[in-house]
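Colleague: Have a look at the structure that comes next, please.
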Amino acid sequence: MGCGSRTTRFVWQSRRKSGSLRNYFYTGGLILRKVYMDNAATSYPKAPGVGAAMANYIENVGCNIGRGGYQSAYDAAGVALDTRERLNALVHGPGARNVILTPGATYGLNFLLKGLLRPGDRVLTSPMEHNAVLRPLKQLEQAGVQVEYVPCDGRGVLDLERAGAQIGTKPRAVILTHASNVSGGMMPIEKIGPLCRRAGVFFLVDGAQTVGMHPVDMAEMCIDALAFPGHKGLLGPQGIGGMVVTDALAGAIDPLVAGGTGSLSHSLEMPDFLPDRFEPGTLNLPGVYGLNAALQYLKQQGDALREREYRLTRHLLARMLELEGDGLRVLGPTEVFNPRAGVVSVDFTGLDNGEAAFRLEQESGVATRCGLHCAPTAHLTLGSYPQGAVRFSVGPFNTFAEIDYVQGAVYNLLCR
Ligand SMILES: Cc1ncc(COP(=O)(O)O)c(C=O)c1O
């Protein structure tokens, strides 16, 4: 590719069929293409029907559930139950009542770790975790929990042999992310789960970067708890997510938050049945309606959407690898055909990464995320600390042409 042309920076395309100019914006008389490459932060656009379902709840339903004895409350409770059933089926969980609706992955991870671990317990994790795991673990460490790490190599790949040996020492729990939000690399959770189950160790998984877009089978992978947000791979709104817990784990965790559940109101104790035990207070029902619509859409699409995101991810990785060495370093695994989250992070070796991200947006309309991505030890592992990286992350609604355009935009930066 030649360095001279900057015409790729300014692309005019005719309006979409919808007549919307959503993907274009004006700057200094020119119309720039807008390419959203920050789906690892939150997916955009959301699944069709999400906005309408949320508006329908606000405008036409509006009631609480588990409290009111009238038809609209029963109908809304039906939507919440249907949402649990869909989520449970998606991840092959133990049952719909084991699906606890939460404000997001962070809440679920805190709930699980702080509910389970006591002073003197040992917990095993990896350096590739997000701060949603690392910060609660730090707090627990200050309270007397021992946190141990399974080492990862410079591409963020977990040392499986060491993991096996460390699990053999029987810590109270192992917590791992399913995929790194920095490298896109997947953890071998299908291998770790059975090791944990055999050793009698609880296995907790942070599914923030995978649930919805990658298959997760809690039963087959021997996962005791899976936390996830509704607003990333599930293509739903922010403020709603969940954790799915086995009965064995549920019996071992204390409810971190207590309050009204609409059930057993005479008792000052939290109910001992699920989901009520871990779901005090009013649910985010607009979020539940939105998530329900997203789950219906994902079901209709089947594997097609997932396959499309795999192909887009492979294309993105291949395009970035073509530029490697020319002032760009691709972080994480580089095998194009291995499954990975839709994330490719790069380190601009001759340019400040923050400036690169800023210019990508200002000059080419490409929205990315730069910095440390709430995962400082992942960057340490990948050799990109403290400078961080620029993260490109695709969703199923990106296009192959957008990825080619992004490659051109990156190339333009490297040439100047
Ligand atoms: C790997 C990982 N875990 C946890 C989280 C936290 O998710 P949320 O902010 O939706 O609670 C994120 C968010 O980016 C993430 O990437």
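Colleague: List the number of the failed condition for Ala258; all other conditions in (1) within 11 Å of the ligand (Cβ to nearest atom); (2) surrounded by fewer than 19 Cβ atoms within 10 Å (Cβ to Cβ) hold.
Modeller: The one condition Ala258 does not meet is (1).
Colleague: Related question: Go over the candidates Val201, Val182, Val157, Val174 one by one and state the one that is among the β-branched types (Val, Ile, Thr), within 23 Å of Val244 (Cα to Cα) and under 23 Å from the mean Cα position of the chain (by Cα).
Modeller: Val174
Colleague: Now for a different question. Looking at the stretch 333-355, is at least one residue touching a helix residue (DSSP H, G or I) at 6+ places or on another chain (Cβ under 8 Å) and acidic (Asp, Glu)?
Modeller: Within the stretch 333-355 (the criterion being touching a helix residue (DSSP H, G or I) at 6+ places or on another chain (Cβ under 8 Å) and acidic (Asp, Glu)), the answer is yes, since at least one residue qualifies.
Colleague: Now, a different point. Determine if the stretch 186-204 includes at least one residue that is assigned to a loop (DSSP other than H, G, I, E, B), at pLDDT 95 or above, within 10 Å of the ligand (Cβ to nearest atom) and not assigned by TED's automatic domain parsing to the domain that holds Ala375.
Modeller: No, because not a single residue in the stretch 186-204 is assigned to a loop (DSSP other than H, G, I, E, B), at pLDDT 95 or above, within 10 Å of the ligand (Cβ to nearest atom) and not assigned by TED's automatic domain parsing to the domain that holds Ala375.
Colleague: Moving to a separate point now. Output the residues belonging to the stretch 34-56 that are outside any loop (DSSP other than H, G, I, E, B) and touching a residue at least 12 places away in the same chain (Cβ under 8 Å).
Modeller: Once the filter is applied, which keeps residues that are outside any loop (DSSP other than H, G, I, E, B) and touching a residue at least 12 places away in the same chain (Cβ under 8 Å), the stretch 34-56 yields Val35, Tyr36, Asp38, Val50, Gly51, Ala52, Ala53, Met54, Asn56.
Colleague: Continuing with the same structure: I need a count of the residues in the stretch 297-311 that are surrounded by 14 or more Cβ atoms within 10 Å (Cβ to Cβ) and out of contact with any Gly (no Cβ under 7 Å at 6 or more places or on another chain).
Modeller: 5
Colleague: Look through Ala258, Ala227, Ala248 and report the one residue that is assigned to a helix (DSSP H, G or I) and among the small types (Gly, Ala, Ser).
Modeller: From the options Ala258, Ala227, Ala248, the qualifying one is Ala248.
Colleague: Within the group Leu112, Leu101, Leu117, which residue is within 17 Å of Ala248 (Cα to Cα), over 15 Å from the mean Cα position of the chain (by Cα) and within 16 Å of the ligand (Cβ to nearest atom)?
Modeller: From the options Leu112, Leu101, Leu117, the qualifying one is Leu112.
Colleague: Something else: Quick one: Arg340 ticks every box in (1) part of a helix (DSSP H, G or I); (2) crowded, with 20+ Cβ neighbours inside 10 Å except a single one, so which number is it?
Modeller: (1)
Results for (1) at pLDDT 95 or above; (2) closer than 30 Å to Ala80 by Cβ; (3) in a helix (DSSP H, G or I), shown as yes or no for each residue.
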{"position": "Ser267", "(1), (2), (3)": "yes, yes, no"}
{"position": "Gly281", "(1), (2), (3)": "yes, yes, no"}
{"position": "Leu291", "(1), (2), (3)": "yes, yes, yes"}
{"position": "Tyr297", "(1), (2), (3)": "yes, yes, yes"}
{"position": "Thr313", "(1), (2), (3)": "yes, no, yes"}
{"position": "Met320", "(1), (2), (3)": "yes, no, yes"}
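Colleague: For the stretch 161-170, state whether one or more residues are within 16 Å of the ligand (Cβ to nearest atom) and modelled with pLDDT of 95 or more.
Modeller: No - not one qualifying residue is present in the stretch 161-170.
Colleague: Restricting attention to the stretch 75-82, does a residue exist that is of a type in the set (D, E, K, R), touching a residue at least 12 places away in the same chain (Cβ under 8 Å) and within 15 Å of the ligand (Cβ to nearest atom)?
Modeller: So far as the stretch 75-82 goes, no, none of its residues is of a type in the set (D, E, K, R), touching a residue at least 12 places away in the same chain (Cβ under 8 Å) and within 15 Å of the ligand (Cβ to nearest atom).
Colleague: Is it true that some residue in the stretch 127-136 is outside the structural domain of His373 (by TED's automatic domain parsing) and more than 16 Å from the ligand (Cβ to nearest atom)?
Modeller: Scanning the stretch 127-136 turns up no residue that is outside the structural domain of His373 (by TED's automatic domain parsing) and more than 16 Å from the ligand (Cβ to nearest atom).
Colleague: More than 12 Å from the ligand (Cβ to nearest atom), buried (at least 23 other Cβ atoms within 10 Å of the Cβ), in the same structural domain as Ala293 (by TED's automatic domain parsing) and free of Cβ contacts under 8 Å to residues at least 60 places away in the same chain: which single residue out of Val244, Val150, Val216 fits that description?
Modeller: Val150
Colleague: For the list (1) at pLDDT 95 or above; (2) in contact with a strand residue (DSSP E or B) (Cβ under 8 Å, 6 or more places away or on another chain), I need the number of the one condition that Asp272 fails.
Modeller: Status for Asp272: all satisfied but (2).
The values are calculated or read from the model by the stated rules, or taken from the named source; none is laboratory data. Everything numeric in this text was worked out from a predicted model, so none of it was measured. FYI the Cβ positions are ideal-geometry reconstructions off the backbone, even for glycines, and counts take in every protein chain you see.
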